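Peer 1: Sharing a structure with you now.
The values are calculated or read from the model by the stated rules, or taken from the named source; none is laboratory data. Since we're looking at a predicted model, the values are computed, not measured. Positions of Cβ are backbone-derived with ideal geometry, glycine not excepted, and every protein chain shown enters the neighbour counts. The protein model used for the area step is the full one, side chains on, heavy atoms only, and it has no ligands, DNA or RNA in it. Shrake-Rupley method; radii C 1.70, N 1.55, O 1.52, S 1.80 Å.
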Amino acid sequence: EIGFTFLARSHWGGACNREMKELMLRHAFRHVSHVVFLVGPENWRSQRAVEKIGGRRVESRRNASGRECVVFQIDATQTTP
């Protein structure tokens with residue numbers, strides 16, 4: 001489960017953000033068969049970013065802090081861009 005990733009605003013939506021997520025996925029898939037990203041329901045920018053790397057919306061639920069989140073899943077069998 002991947003919740004928050006923090007980058008300076010100047011790197012939002014750019015190559016660094018995408019590369020960081022791809023590195024996290026590559027590492028995670030050495031150990032698990034799928035990864036989920038938790039994104040705020042009104043954080044459209046992050047939702048779109050996760051969709052761009054292959055995430056598919058699977059559900060909504062509360063995170064460990066009790067905040068509502070949209071859950072996106074990426075399976076190891078998917079080709080990550």
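Peer 1: I need the full set of residues from region 62-81 which are modelled with pLDDT of 95 or more and open to solvent by 50 Å² or more (accessible area, probe 1.4 Å), in order please.
Peer 2: Glu68
Peer 1: Hey, another quick one. Across region 1-18, which residue is farthest from Arg56 (Cα to Cα) among those that are exposed (fewer than 14 other Cβ atoms within 10 Å of the Cβ) and among the hydrophobic types (A, V, I, L, M, F, W, C)?
Peer 2: The qualifying residue farthest from Arg56 (Cα to Cα) is Ala8.
Peer 1: Could you please let me know if Ser46 is open to solvent by 80 Å² or more (accessible area, probe 1.4 Å), modelled with pLDDT under 95 and hydroxyl-bearing (Ser, Thr, Tyr)?
Peer 2: Considered against the rule, which asks whether it is open to solvent by 80 Å² or more (accessible area, probe 1.4 Å), modelled with pLDDT under 95 and hydroxyl-bearing (Ser, Thr, Tyr), Ser46 comes out as no.
Peer 1: Tell me yes or no: at least one residue of region 19-36 is aromatic (Phe, Trp, Tyr), modelled with pLDDT of 90 or more, farther than 14 Å from Thr5 by Cβ and surrounded by fewer than 16 Cβ atoms within 10 Å (Cβ to Cβ).
Peer 2: no
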